[in-house]
């Protein structure tokens, strides 16, 4: 029986789950939009374990959302996950943020495109089929009226994530379906993490780094 603690901090949603054999049985998350992960993440992890009468050493693995996403958010989540793995001598599992986000949509046919907001008119996105098999790997993409045209011409496409608002404002297509108010969550990490656990697909805790996709850029404040 595999019990896995999953951590998701790639966006404003601070999310932690517990799963058994790939099924989530406990979830704590909060999308307060202020990136308070540093204050809340460890509290959530401790609370989730306590409420489910689990000791940290009863965990079989720690899973973490590896990105892309917020540079600071990913650093906080990965640091916390690695700290637990070191302290408990447990394996670390990384889960693609966009793959987990794609699992929030269930469709019979068509394509699923999760997209996370990046700077200006840019998003981080990937393309999956209805069975969550990867069609196009993760990319940073500038949005314009022709974005994803090759996929929209082939059939129904379902867009979700916090990049949706930017995209639906510039495109109108009969095959485009926009699913609002979806953020990456530790809930959808459970099945993916368990499959990787079964294959012993673990990360090197000492050297693992988040998948930032792009370098961190400091933006100067306009405040005087």
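The values are calculated or read from the model by the stated rules, or taken from the named source; none is laboratory data. This structure is a prediction, so every number in the text was calculated from the model and none was measured. Quick reminder, even Gly has a Cβ in these numbers, built from the backbone with ideal geometry, and neighbours come from all protein chains shown.
So the values come out like this:
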read-out	value
Residue match in the stretch 48-57 (condition: crowded, with 18+ Cβ neighbours inside 10 Å, in contact with a helix residue (DSSP H, G or I) (Cβ under 8 Å, 6 or more places away or on another chain) and closer than 24 Å to residue 160 by Cβ)	no
Qualifying residue in the stretch 78-88 (condition: buried (at least 21 other Cβ atoms within 10 Å of the Cβ), assigned to a loop (DSSP other than H, G, I, E, B) and touching a strand residue (DSSP E or B) at 6+ places or on another chain (Cβ under 9 Å))	no
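Conditions (1) touching a helix residue (DSSP H, G or I) at 6+ places or on another chain (Cβ under 7 Å); (2) crowded, with 19+ Cβ neighbours inside 10 Å; (3) at pLDDT 95 or above; (4) within 17 Å of residue 11 (Cα to Cα), marked per residue:
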| position | (1), (2), (3), (4) |
| --- | --- |
| 111 | yes, yes, yes, no |
| 118 | no, yes, no, yes |
| 131 | no, no, yes, no |
| 142 | no, no, no, no |
| 160 | yes, yes, yes, yes |
| 169 | no, no, no, no |
